[in-house]
1. Hey, does the stretch 2-9 have a residue that's in contact with a helix residue (DSSP H, G or I) (Cβ under 7 Å, 6 or more places away or on another chain) and either surrounded by 17 or more Cβ atoms within 10 Å (Cβ to Cβ) or more than 20 Å from Leu125 (Cα to Cα) (or both)?
2. Kindly evaluate Cys69 against the criterion of being in contact with a His (Cβ under 6 Å, 6 or more places away or on another chain) and at negative phi.
3. Identify the single condition in (1) loosely packed, with under 11 Cβ neighbours inside 10 Å; (2) within 24 Å of Phe115 (Cα to Cα) that Ser35 does not satisfy, given that it satisfies every other one.
4. Could you please let me know if Ser85 is within 13 Å of the chain's Cα centre (by Cα), closer than 22 Å to Leu20 by Cα and open to solvent by 40 Å² or more (accessible area, probe 1.4 Å)?
5. Tell me which residues, restricted to the stretch 67-82, are open to solvent by less than 70 Å² (accessible area, probe 1.4 Å), over 14 Å from Gln43 (Cβ atoms) and without any contact (Cβ under 8 Å) to a residue 60 or more places away in the chain.
6. Could you list, in sequence order, the residues of the stretch 40-66 that are in a strand (DSSP E or B), in contact with a Leu (Cβ under 7 Å, 6 or more places away or on another chain) and either open to solvent by 50 Å² or more (accessible area, probe 1.4 Å) or over 17 Å from Gly99 (Cβ atoms) (or both)?
7. Quick check on my filter: what residues within the stretch 96-115 are surrounded by 11 or more Cβ atoms within 10 Å (Cβ to Cβ) and either of a type in the set (Asp, Glu) or in contact with a His (Cβ under 8 Å, 6 or more places away or on another chain) (or both)?
8. Assuming Leu104 fulfils every condition listed in (1) in a helix (DSSP H, G or I); (2) within 17 Å of Ala11 (Cβ to Cβ); (3) touching a residue at least 24 places away in the same chain (Cβ under 8 Å) apart from one, which condition is it?
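The values are calculated or read from the model by the stated rules, or taken from the named source; none is laboratory data. Keep in mind it's a predicted model, so treat the numbers as computed, not measured. Positions of Cβ are backbone-derived with ideal geometry, glycine not excepted, and every protein chain shown enters the neighbour counts. Side chains included, ligands, DNA and RNA excluded: accessible areas come from the protein's heavy atoms. Shrake-Rupley method; radii C 1.70, N 1.55, O 1.52, S 1.80 Å.
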Amino acid sequence: MNPAFIKKCIAHRALCRTGLVENSYGAIKECAAKSIPIEVDLQFHPGGEIYVFHDESLDRMFKYKINLCDCPVENLGLLKYSDGSRILTLSELLEVVDGEVLILIELKAAKSLSFKNKKRFCELLL
């Protein structure tokens, strides 16, 4: 194995140590502070916002049986991870990272998202 590759590991969902919550402010902030590149997942909400979140459903992380793209935006703002933080938007992610680390972005488009909204997602990213 190439030792140079090992030095370029990427923190999957920004998890660089035990005890952090995936894709959360704390995990991303710690990676940025330690200069560890991150992989995060982005999802589009039909309200026009892009969120940093892996699962299509909010159930695993919040025990809320609804898909992120179907959840009212005002409810998304109320959800708290176990560390007390909330789901970040793409803008907030970029603000936290502030150019300190590389970001590998995985786009997640919910099956229920219309073609029109998938297109909006791509346009917003550009």
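1. no
2. Numbers: in contact with a His (Cβ under 6 Å, 6 or more places away or on another chain): yes; at negative phi: yes.
It is true that Cys69 is in contact with a His (Cβ under 6 Å, 6 or more places away or on another chain) and at negative phi.
3. Every listed condition holds for Ser35 apart from (2).
4. Values: within 13 Å of the chain's Cα centre (by Cα): yes; closer than 22 Å to Leu20 by Cα: yes; open to solvent by 40 Å² or more (accessible area, probe 1.4 Å): no.
Criteria not met by Ser85.
5. So in the stretch 67-82, the residues open to solvent by less than 70 Å² (accessible area, probe 1.4 Å) come out as 67-69, 71-73, 75-77, 79, 81.
Of the ones still in play, those that are also over 14 Å from Gln43 (Cβ atoms) are 72, 75, 77, 81.
Hits for the stretch 67-82 are Pro72, Asn75, Gly77.
6. Scanning the stretch 40-66 gives Leu42, Gln43, Phe44, His45, Ile50, Tyr51.
7. Passing the criteria: Glu100, Glu106, Lys108.
8. (1)
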